[in-house]
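The values are calculated or read from the model by the stated rules, or taken from the named source; none is laboratory data. Here the structure is a predicted model, which means the values were calculated and not measured. Cβ: placed from backbone, ideal geometry, glycine included. Neighbour counts: every protein chain shown.
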Amino acid sequence: MVLRRDDWLDLARKVDWTPRYVDERELFPEEISGRPWLTHDAWRNWNEAYRTTYREYVANQRDKDAAVLGVRAALTKPRLFDDLDPGWVQLVKFHNGAVALAEYAGAVAELRMARFGRDSAWRTMASLGALDEIRHTQIPLLIGHDLLAHDGNFDWTHKAFHTNQWLILAARHLFDDMFLAADAIDLAIQLNFVFETGFTNLQFMAMAAMADRAHHHVFEKTVASIQTDEARHAQIGHPVLRTLLENGSRERAQYLIDKMWWRCWRLFLALSGTAMEYLAPLSARNRSFKEFMTEWVTEQFMKNLAEFDLEKPWFWDLFIEELDYAHHSLQLGLYTYRTTLWFDVAMPDRAERAWLNEKYPQWEETYGALWDQLELRWEADGEANTLAYGLPALCNLCQLPALFIRPGRNTACTIEMGGRRYLFCSEPCRWIFEQESSRFADHNSVVDRIVAGEAPGKLTELHRWMGLQAPVETGKDLRRGLDPWRLDPVPTA
Amino acid sequence: MRVYLFGFASDDFLGRVIVTPDQRTVAQLADQLVAWGQAPERGGPLTVRNEAGDILDPAATIRVAGLGNGDIFTVERR
């Protein structure tokens, strides 16, 4: 007689044993299994809410891959770019470069939990999670490869994470912290509970909704399919957090959540905020970035915190204030430093400005004059007069430009440590740095490297150092294209 | 001696790096930052503050004003 699923599943999930040749601490060292170190008794009741067998996993994944590949096959390669808005193409290029190989780092993180997670059910879930993350790398690489024939910069889908491009360094700084240099417990809280439960809805489900409206159905299927995996393995976070709270580690849990919320916010305002509101065509925008953040991210996060009786992060008021401004300030940074990017950047046109002002009633008053000025400068003196040539101040934690929340509202701050003064874009970044200064203090930002002579200060050489071949690969104004001035061999004149 | 500072002009949207000899005056430093920013032609008197919010003497040198490597200063138009 064939056993029913529920009769054997626990036997397959719960395969913990008592080690005889080494003790439990040697098998699961604190350095990599995580703090607090608890005996297995404390982890014995680790349970995921929705259980999956390996057989079910394989069948589901096969169906999901078939759905994505079916859409790809239906839209034959010569028609891949048909009907795609030029801004949307740049959005996909930006997304692919920033995300594809980050998923590969996610596979390393899941594998760490698959070995050093403290209960076998956790380790089983993480094994499936590692397979998920490999899939999340491979599909964008495949789709990016399809698009290469139409736009050579889609090689940044694979190349980006192997370069010193400044935005990618910022992303790697976060992913190294969250994925690669974290123990199993920190991974479960940071990656599964905060990043996946909190933020990936935004990048994958919100983007899928926009991709549908932008008629990019391969991308829509890809990101929606990825999010179904994320939702499954994100479950790892809850039972780990519960175990920590039951064993006197509330303060540690709160710190990990606060830290990673802020760090993820920084990345997502740069990646999703700017792309959704300056690259996605108007016809694809059904909600603003702020509305997505509020409905899809913060409301869910609040429920999660309430479930565990945890506090809102101490910087919540600043985060709420930034929702109205920070990504708009960063967009001006991306635009004026566009020659250091691998995708093109848009100056909002009249209709987009009206939309932005409808969604953000202070937008025109705050940013309108700055964009007007760039427009006038272009008309008067060409592209050269719309680019920034000085170095932006970069934060020594998030590695992003030290943006104002809005013009006149500056939150930058510094700290002196070990004979060096560090710059931060905001109090939360400085606070995280102070909590784990030995982890972050030796890292040099791109600007630190230029000032120290470790990276070139001349723009043409800096392009090469960042992996950008100028002028063909470097970002342009989305609507004006490659200005003939760029062909000048010394564009820094 | 050359120093690198992080300057924030009140009508700009991000901080900018200024590398300059510390013998230059605070007023020259402010002019240099504004020239790199978004509205260099706007003109008008400038107020320079350090991170603590103290107003710096525009005639003082950068060194005498107490600014050194990695310090923040802000420039406001009056």
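General remarks:
- Residues of region A:459-488 satisfying the condition of being modelled with pLDDT of 90 or more, in a loop (DSSP other than H, G, I, E, B) and under 15 Å from A:Tyr389 (Cβ atoms): A:Thr474
- With respect to the conditions (1) at pLDDT below 95; (2) surrounded by 14 or more Cβ atoms within 10 Å (Cβ to Cβ); (3) in a loop (DSSP other than H, G, I, E, B), A:Gly453 falls short on a single one, namely (2).
- Residue within region A:413-421 that is assigned to a loop (DSSP other than H, G, I, E, B) and either touching a strand residue (DSSP E or B) at 6+ places or on another chain (Cβ under 9 Å) or within 11 Å of chain B (Cβ to nearest Cβ) (or both) present: yes
- Qualifying residue in region A:301-323 (condition: within 21 Å of the chain's Cα centre (by Cα), within 14 Å of chain B (Cβ to nearest Cβ) and farther than 25 Å from A:Ala214 by Cβ): yes
Okay, residues lined up against (1) outside any helix (DSSP H, G or I); (2) aromatic (Phe, Trp, Tyr); (3) in contact (Cβ under 8 Å) with a residue 40 or more places away in the chain; (4) surrounded by fewer than 19 Cβ atoms within 10 Å (Cβ to Cβ):
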position: A:Thr124; (1), (2), (3), (4): no, no, yes, no
position: A:Gly129; (1), (2), (3), (4): no, no, yes, no
position: A:Ile134; (1), (2), (3), (4): no, no, no, yes
position: A:Gln138; (1), (2), (3), (4): no, no, no, yes
position: A:Ile143; (1), (2), (3), (4): no, no, yes, no
position: A:Phe161; (1), (2), (3), (4): no, yes, yes, no
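- Residues that are within 14 Å of another protein chain (Cβ to nearest Cβ) and among the charged types (D, E, K, R), drawn from region B:60-72: B:Asp71
- All helices (runs of 4 or more DSSP H) inside region A:305-408 with 1 or more residues being in contact (Cβ under 8 Å) with a residue 12 or more places away in the chain, among the basic types (Lys, Arg) and in contact with a strand residue (DSSP E or B) (Cβ under 9 Å, 6 or more places away or on another chain): none
- Looking across A:Tyr360, A:Tyr335, one residue alone is surrounded by 22 or more Cβ atoms within 10 Å (Cβ to Cβ), of a type in the set (Ser, Thr, Tyr) and either under 18 Å from A:Gly87 (Cβ atoms) or away from chain B (no Cβ under 12 Å) (or both). It is A:Tyr335.
- Candidates A:Gly408, A:Gly368, filtered to the one that is surrounded by fewer than 21 Cβ atoms within 10 Å (Cβ to Cβ), farther than 25 Å from A:Glu427 by Cα and within 13 Å of chain B (Cβ to nearest Cβ): A:Gly368
- Flag if A:Glu299 is among the acidic types (Asp, Glu) and farther than 30 Å from A:Pro239 by Cα: no
- Filtered by the rule that a residue be of a type in the set (Ser, Thr, Tyr), part of a loop (DSSP other than H, G, I, E, B) and at pLDDT below 95, region A:22-55 gives A:Tyr50, A:Thr52, A:Thr53.
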